[in-house]
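Novice: Have a look at the structure that comes next, please.
Please treat every number below as a calculation from the coordinates, not as lab data. Values in this document were obtained by computation on a predicted structure and should not be read as measured data. Note that we place each Cβ from the backbone using ideal geometry, even for glycine, and neighbour counts take in every protein chain shown.
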């Protein structure tokens with residue numbers, strides 16, 4: 001594995017998504033999932049200050065608050081690598097980044113954030129302003145590493161150039177939309193840039209909004225509470241072919257479909273740890289085998305071909 005630095009080199013192969021904490025599951029239910037993840041050796045949790053402002057009665061920060069409460073009650077802060085994000089609530093101006101970081105630190109009940117993402121790229125805000133504020137946080141020890149999400153390859157390359165020119169802390173990771181079904185946004189220029197610049201890829205929507213768990217089947221009603229975040233595409237020959245390949249490989253390994261899809265993703269160039277969430281311990285147990293599941297070259301190629309067919313690539 002490439003050397004991604006002391007923070008990212010230590011992460012578990014599955015990053016637990018915290019977007020549903022305080023949205024589709026309560027604090028008590030979230031604690032159960034977090035406990036099961038930690039018991040399995042998991043140490044990498046992803047959240048954002050915006051999670052989950054879209055839920056009725058929420059204003060943002062609910063997920064961070066639950067994660068902070070859990071770490072306080074369990075006394076395990078030193079064992080957990082926490083990633084959170086800034087930008088979707090108040091933008092990425094220098095002032096907004098500084099304020100949002102303090103708010104996140106307070107909700108998480110920590111003195112530093114392990115991995116701090118800019119959740120968006122705003123071309124109207126000078127990169128020097130955003131990156132300068134992130135650099136201040138880095139040098140003050142309030143964030144250990146910085147990362148990006150929502151960047152094009154062109155803008156990410158420019159951000160890296162600005163950091164190098166100004167002597168700022170450098171982005172160490174990218175969180176793109178990437179999975180076996182949806183590949184066009186990352187594969188190509190962004191993937192090439194990450195490989196060239198030594199950035200770790202930590203994909204979101206790793207299970208394609210639930211499609212790659214196998215819970216969606218033609219003519220069946222899926223159990224989901226994710227509303228507009230759920231997979232809603234129509235079944236066609238291509239999606240049927242992909243789920244068929246996943247079913248067969250999962251059966252051969254004695255695991256669930258989601259674990260196979262995540263194992264494929266983890267095997268891709270630059271991918272460090274896919275992000276996936278789970279509403280229940282049972283759902284988490286279905287995907288945890290991805291951490292040790294090694295697909296052979298033939299299986300990887302079969303899934304790659306099926307995924308390319310499914311995306312029309």
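Novice: Can you tell me, using C-alpha contacts under 8 Å and at least 6 residues apart, the relative contact order of the stretch 14-68 as a whole percent?
Specialist: Taking the mean separation of contacting Cα pairs over the length of the stretch 14-68, I get 42 percent.
Novice: Subtract the Cα-Cα distance of residue 99 and residue 157 from 0.36 nm times their separation in residues, and report this length gain in nm to one decimal.
Specialist: In short, 18.3 nm is gained.
Novice: Expressed as a rounded percentage, what relative contact order does the stretch 252-292 have, with Cα pairs under 8 Å and six or more residues apart?
Specialist: In percent, rounded to a whole number, it is 54.
Novice: Need one number: nm distance between label points at residue 285 and residue 27, each 7 Å from Cα along Cα→Cβ, rounded to one decimal.
Specialist: So the two model labels end up 2.7 nm from each other.
Novice: Obtain the nm distance between the two label points defined at residue 195 and residue 241 by a simple spin-label model: each point lies 7 Å from its Cα along the Cα-to-C-beta direction.
Specialist: 2.4
Novice: Return the FRET efficiency for the residue pair residue 252, residue 217: r is the Cβ-Cβ distance, R0 is 22 Å, and the value is rounded to the nearest 0.05.
Specialist: According to the calculation, E is roughly 0.65.
Novice: Right, here's the next one. Pop out the Kirkwood hydrodynamic radius of the stretch 8-311 from its pairwise C-alpha distances, inverse of mean 1/r, in Å to one decimal.
Specialist: Final number for the Kirkwood radius of the stretch 8-311 is 19.7 Å.
Novice: From the helices alone, meaning DSSP H stretches of at least four residues, give me the mean residue ellipticity at 222 nm for the chain, per-run term -39500 (n - 2.57), in deg cm²/dmol to the nearest 500.
Specialist: -12500 deg cm²/dmol
Novice: Helix 257-266 versus the longest principal axis of the chain: what angle, 0 to 90°, nearest 10, using Cα atoms?
Specialist: So the inclination is approximately 50 degrees.
Novice: Using Cα pairs closer than 8 Å and at least 6 residues apart in sequence, work out the relative contact order for the chain, in percent.
Specialist: The normalised contact order for the chain reaches 19 percent.
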